[in-house]
Amino acid sequence: MDANNLNVIVGEGTCGIAAGSKEVIEAFRKYAPEINIRTVGCVGMCHQEVITEIHDNNGNRYIYGQVTKKTVPQIIKFHKGEGEPLEEHLIYSPEKQDSHKWQYLGHQTRIALRNVGYLDPTSISDYQKRDGYKAIKKIVAEMSPDQVIEEIKISSIRGRGGAGFPTHVKWNFARKSEGDVKYLICNGDEGDPGAFMDRSLLEGDPHNIIEGMMIAAYAIGAARGYAYIRAEYPLAVKNFGKAIKDAHELGVLGENIQGSSFSFDIKIKEGAGAFVCGEETALIASIEGDRGMPRFKPPFPAVKGLFGKPTIINNVETLANLPWIINNGGAAYAAYGTEDSKGTKVFALAGAIKKGGLVEVPMGTKIRDVLEDIGGGPSSGKPFKAVQLGGPSGGCIPESLFDTTIEYAAINATGAIMGSGGMIVMDGSTCMVDLAKYFLSFTQLESCGKCTFCRIGTLRMRELLTKICDGEAEMSDLDALDELTEQITKASLCGLGQTAPNPVATTLKYFRSEYEAHIKDRRCPAGVCKSLITHTIIPADCIGCSLCQIQCPVGAITGEKKVKGSYTIIQAKCINCGMCFEVCNSKAIQVK
Amino acid sequence: MSQALEAKVEPEVVLEWIKKIGSDSSSTVPLLQAVQSQYGYLPRAAMDLIVQNTDITGRQVYGVATFYSQFRLKPVGRHIIKICHGTACHVSGADRLNTSLRHMLNIADEEQDTAENGSYTIEQVACIGCCSQAPVMVISDEVSGNLTGAAAQRALKKHAKKSEEIVANL
Ligand SMILES: Cc1cc2nc3c(=O)[nH]c(=O)nc-3n(C[C@H](O)[C@H](O)[C@H](O)COP(=O)(O)O)c2cc1C
Ligand code: FES
């Protein structure tokens, strides 16, 4: 076979890079300098990174997972007509279209993510080949802004940034607001830790987001747009910036788009690392050059927003759906989902799950189906314990409620929220009190400090949780947590404070026995809370390898090399960091 | 902190940024970002230059610089290690990365984050969007995932060798 005709496509989202895509590309260049290499964004199968796709000169497609520089020579060999295919790495091939690995994508319905992983994000012609910029062309030629809003109304899409507010309603406010200057902002702050769909979209399919922004801008009558992208996403900033430039050069974006009277331009504003800046009014303050402090609503940004002008802020994933909706019709989108939640939703799976990554499914799918059929079940062999949904504003759903269907009302009924779609999966090794403390530390740190309930209330909550984790609490402290929950929820100025107690409320509701174990028995059942656990070495299992001694950062381990069972931990020195547990290959370290 | 880490600010450079980025109040964040990407932190002299040569007030510059977690007011080491402390990384053991690397760099004082010899600064950051590969860290823009404390040490060792840095507890 002629290697000149081989096309190699390597996944190079941030997660691909983290898994070593640069080394893989280097290896391809070294062993087969004649082949063509292209890079694409993250297809969402993060557990299979580095993912490499090969198109041979017979038009056949092969996809390999977990490729390293070491597997590259064998892959090349096979495609040059020598040797066997690399079966254990093969996800998809003409003969193997139903492999269980492929099922990951096969089970999904991809609308927002339709292009990610298929096109080179730095190539505008790649996007155009996949119907790119067709929707904007159609609306400026054939549709009035009101018709666009009507189509979005038919689709029934609700904002994907967290609150789930109907998109067309918000647009209508802005459309009807007085003023010749209006703004459209793309919210790419993605502050919710554990969610990464917006990163993947901005990085892997930036033109789709630009087109989505143009559609929204046309509908509300905005001529200027801002893309607010968080500082932690340098690749997203880079790819999005290039996409804006290319769209300009090709005349897709800018003055008098497609010969119409519609003009639109986009500027990137990089975030600077403040969670609260994802909130609309704080985001506006941040673009204006101030501290990202939220303000009281009303007036809503749709009436008085950026620089005092009517402004619409839409989430990245919301925008990603718009070109598809225009091209396929609102009804086609609304055909997916349930009565109260239409369309599809992207979830980011991470934590104790076998196949972490991005998953897009129709609304109404059960949580269990996402975690088991697509996610492949728990990664550790231990059963699932809970899934955290909605980040710091959300809550924990216990395994017993995994048959809950994914729709706004049903998720809210559990005490969690849909949020932006981060799903952190947990097994028995996560302590729910520690998790609640983690979230409270997060909100406490991220509170802008403007209102007292949020600033002081979350601090008091964190202090109580710390007391519980340290084994110094009383049962009455749980009542204090309940009381704070109520007050902070009611009295805070913005969504950050209003939802900050949620992780505490849901863990208290579903995992109360774990709180009680900490308080009554001074015990951490998951073995996480440092003040309540001890590390010991089981002499019978110790093979005398000395790894634990080498790793111990405080010199708390003594023993004699090569002498079985000789190692012990000096408890007075031990800081319970868990390094010995992590490096011990013979499971001789006990955590209790 | 060793005196050597303090940056020398050339006024021409800062004035050039102001010309390029703008001098109205909405340029505050981008200007500080430019300063920080050059010096690794916000030297006092650079902030003063901004106040003197734009419409931005001292109150605003200082307010913004202290509000956003990205901005640092203290000099940093030659390389920055960012350890993710997002939820996925937290439940997968981000703490152990922190303990092991601090040990390796001999940063015992909890208030400190830079190694004595000015080589590395350890920083806690919020989610870097690689949650499916948690726990994750970034050394000088190189992301690596699925780490254990020991694997993080190996990555640091490799980086130190490549960039000819001395690490205390190798
Ligand atoms: C504290 C806080 C943080 C938020 N962070 C984000 C965020 O990172 N990204 C986002 O799109 N929306 C975020 N939101 C929601 C936005 O305020 C807003 O509702 C959303 O961007 C609207 O877009 P949508 O209608 O398309 O969902 C946040 C809200 C609050 C209260
Ligand atoms: S939680 Fe660490 S990368 Fe997202």
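The values are calculated or read from the model by the stated rules, or taken from the named source; none is laboratory data. Here the structure is a predicted model, which means the values were calculated and not measured. Neighbour counts run over all protein chains shown; Cβ positions are idealised from the backbone, glycine included. Please note that ligands, DNA and RNA were not included when accessible areas were found on the heavy atoms of the full protein model with its side chains. Shrake-Rupley method; radii C 1.70, N 1.55, O 1.52, S 1.80 Å.
Please work out if A:Arg29 is free of Cβ contacts under 8 Å to residues at least 24 places away in the same chain, more than 14 Å from chain B (Cβ to nearest Cβ) and within 23 Å of A:Ser123 (Cβ to Cβ).
Against the criterion (free of Cβ contacts under 8 Å to residues at least 24 places away in the same chain, more than 14 Å from chain B (Cβ to nearest Cβ) and within 23 Å of A:Ser123 (Cβ to Cβ)), A:Arg29 qualifies.
How about the stretch A:3-20: which of its residues are assigned to a strand (DSSP E or B) and within 14 Å of chain B (Cβ to nearest Cβ)?
Once the filter is applied, which keeps residues that are assigned to a strand (DSSP E or B) and within 14 Å of chain B (Cβ to nearest Cβ), the stretch A:3-20 yields only A:Gly11.
Being more than 10 Å from chain A (Cβ to nearest Cβ) and out of contact with any helix residue (DSSP H, G or I) (no Cβ under 6 Å at 6 or more places or on another chain) narrows it down to one of B:Val9, B:Val13, so name that one.
Just one listed residue meets the conditions, B:Val13.
Can you list the strands (runs of 3 or more DSSP E) found entirely within the stretch A:285-369 that contain at least 1 residues being within 16 Å of ligand 2 (Cβ to nearest atom)?
A:344-351, A:357-362
Of the residues B:Ser140, B:Ser92, B:Ser163, B:Ser144, which is within 10 Å of ligand 2 (Cβ to nearest atom), open to solvent by 20 Å² or more (accessible area, probe 1.4 Å) and of a type in the set (Ser, Thr, Tyr)?
It is B:Ser92.
Take the residues of the stretch A:331-342 that are open to solvent by less than 30 Å² (accessible area, probe 1.4 Å) and within 16 Å of ligand 1 (Cβ to nearest atom): which is nearest to A:Thr109 (Cα to Cα)?
Only one residue tops the list, namely A:Tyr333.
Yes/no per residue for (1) within 12 Å of ligand 1 (Cβ to nearest atom); (2) aliphatic (A, V, I, L, M); (3) over 26 Å from A:Gly194 (Cα atoms):
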site	(1), (2), (3)
A:Glu279	yes, no, no
A:Pro294	yes, no, no
A:Lys297	yes, no, yes
A:Lys345	yes, no, no
A:Gly357	no, no, no
A:Met363	no, yes, no
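Limited to the stretch A:477-507, what total is found for residues that are more than 13 Å from ligand 1 (Cβ to nearest atom), away from chain B (no Cβ under 14 Å) and not polar (S, T, N, Q)?
Number satisfying all stated conditions: 15.
Can you report the number of residues in the stretch B:78-137 which are modelled with pLDDT of 95 or more, assigned to a strand (DSSP E or B) and facing chain A (nearest Cβ under 9 Å)?
So the count comes out to 2.
Could you tell me which residue of the stretch A:380-403 is nearest to ligand 2 (Cβ to nearest atom), considering only residues that are surrounded by 17 or more Cβ atoms within 10 Å (Cβ to Cβ) and farther than 11 Å from A:Val425 by Cα?
Restricting to residues being surrounded by 17 or more Cβ atoms within 10 Å (Cβ to Cβ) and farther than 11 Å from A:Val425 by Cα, the top hit is A:Gly391.
Condition (residue is open to solvent by 10 Å² or more (accessible area, probe 1.4 Å), within 16 Å of ligand 2 (Cβ to nearest atom), free of Cβ contacts under 8 Å to residues at least 60 places away in the same chain and not in a helix (DSSP H, G or I)) applied to the stretch A:215-230: is it met by at least one residue?
Checked the stretch A:215-230: at least one residue is open to solvent by 10 Å² or more (accessible area, probe 1.4 Å), within 16 Å of ligand 2 (Cβ to nearest atom), free of Cβ contacts under 8 Å to residues at least 60 places away in the same chain and not in a helix (DSSP H, G or I).
Suppose we filter A:Glu23, A:Glu53 for residues that are surrounded by fewer than 17 Cβ atoms within 10 Å (Cβ to Cβ), in contact (Cβ under 8 Å) with a residue 40 or more places away in the chain and not in a loop (DSSP other than H, G, I, E, B); which single one remains?
A:Glu23
Output the helices (runs of 4 or more DSSP H) that fall wholly within the stretch A:493-541 and possess 3 or more residues being β-branched (Val, Ile, Thr), or say none.
Counting at least 3 such residues, we get A:502-510.
Please work out which one of (1) away from ligand 1 (no atom under 16 Å from the Cβ); (2) away from chain B (no Cβ under 11 Å); (3) under 26 Å from B:Gly86 (Cα atoms) is the condition A:Val316 fails and give its number.
(1)
Inspect all residues belonging to the stretch A:231-238 and state whether any of them is at pLDDT 95 or above, away from ligand 2 (no atom under 16 Å from the Cβ) and over 25 Å from A:Ala491 (Cβ atoms).
yes
Can you pull out the residues in the stretch A:179-197 that are assigned to a loop (DSSP other than H, G, I, E, B) and touching a Ser or Thr at 6+ places or on another chain (Cβ under 8 Å)?
Selection gives A:Lys182, A:Glu190, A:Asp192, A:Pro193, A:Gly194, A:Ala195, A:Phe196.
Quick test of your reading of the structure: B:Tyr62 fulfils all but one of (1) part of a helix (DSSP H, G or I); (2) within 10 Å of chain A (Cβ to nearest Cβ); (3) open to solvent by 50 Å² or more (accessible area, probe 1.4 Å). Name the failing condition by number.
Failing condition for B:Tyr62: (2).
Just a yes or no: is a residue in the stretch A:227-243 at the interface with another protein chain (Cβ under 10 Å from one of its Cβ atoms), among the hydroxyl-bearing types (Ser, Thr, Tyr) and on the phi < 0 side of the Ramachandran plot?
Yes, that holds for at least one residue.
Mind checking which residues of the stretch A:412-440 are surrounded by fewer than 22 Cβ atoms within 10 Å (Cβ to Cβ) and under 17 Å from the mean Cα position of the chain (by Cα)?
The answer is A:Ile417, and nothing else.
Filter the stretch A:159-212 down to the residues that are within 9 Å of ligand 1 (Cβ to nearest atom), among the hydrophobic types (A, V, I, L, M, F, W, C) and within 13 Å of A:Glu280 (Cβ to Cβ) and list them by number.
A:Ala163, A:Phe165, A:Ile185, A:Cys186
Here are the criteria: (1) touching a residue at least 60 places away in the same chain (Cβ under 8 Å); (2) away from chain B (no Cβ under 14 Å); (3) open to solvent by 20 Å² or more (accessible area, probe 1.4 Å). Tell me which single one A:Ile543 does not satisfy.
Answer for A:Ile543: the failing condition is (1).
For the stretch A:159-200, how many residues are touching a residue at least 24 places away in the same chain (Cβ under 8 Å), open to solvent by 10 Å² or more (accessible area, probe 1.4 Å), more than 14 Å from chain B (Cβ to nearest Cβ) and aromatic (Phe, Trp, Tyr)?
The qualifying residues number 1.
Would you confirm whether or not the stretch A:241-251 contains a residue that is closer than 27 Å to A:Ala163 by Cβ, more than 23 Å from the chain's Cα centre (by Cα) and free of Cβ contacts under 8 Å to residues at least 60 places away in the same chain?
No, that holds for no residue.
Just one of A:Tyr104, A:Tyr133 is at positive phi and touching a residue at least 40 places away in the same chain (Cβ under 8 Å); which is it?
None of the others qualify; the one that does is A:Tyr133.
Take the stretch A:567-590 and flag every residue that is among the small types (Gly, Ala, Ser), buried (at least 16 other Cβ atoms within 10 Å of the Cβ) and more than 21 Å from B:Arg102 (Cα to Cα).
Scanning the stretch A:567-590 gives a single hit, A:Ala588.
Residues to consider are A:Leu484, A:Leu496; find the one that is open to solvent by 20 Å² or more (accessible area, probe 1.4 Å), more than 16 Å from ligand 2 (Cβ to nearest atom) and among the aliphatic types (A, V, I, L, M).
A:Leu484
Return yes or no: is A:Val361 touching a residue at least 12 places away in the same chain (Cβ under 8 Å), open to solvent by 10 Å² or more (accessible area, probe 1.4 Å) and away from chain B (no Cβ under 14 Å)?
no
So is A:Cys529 within 16 Å of ligand 1 (Cβ to nearest atom), under 28 Å from A:Gly394 (Cα atoms) and open to solvent by less than 30 Å² (accessible area, probe 1.4 Å) or not?
no
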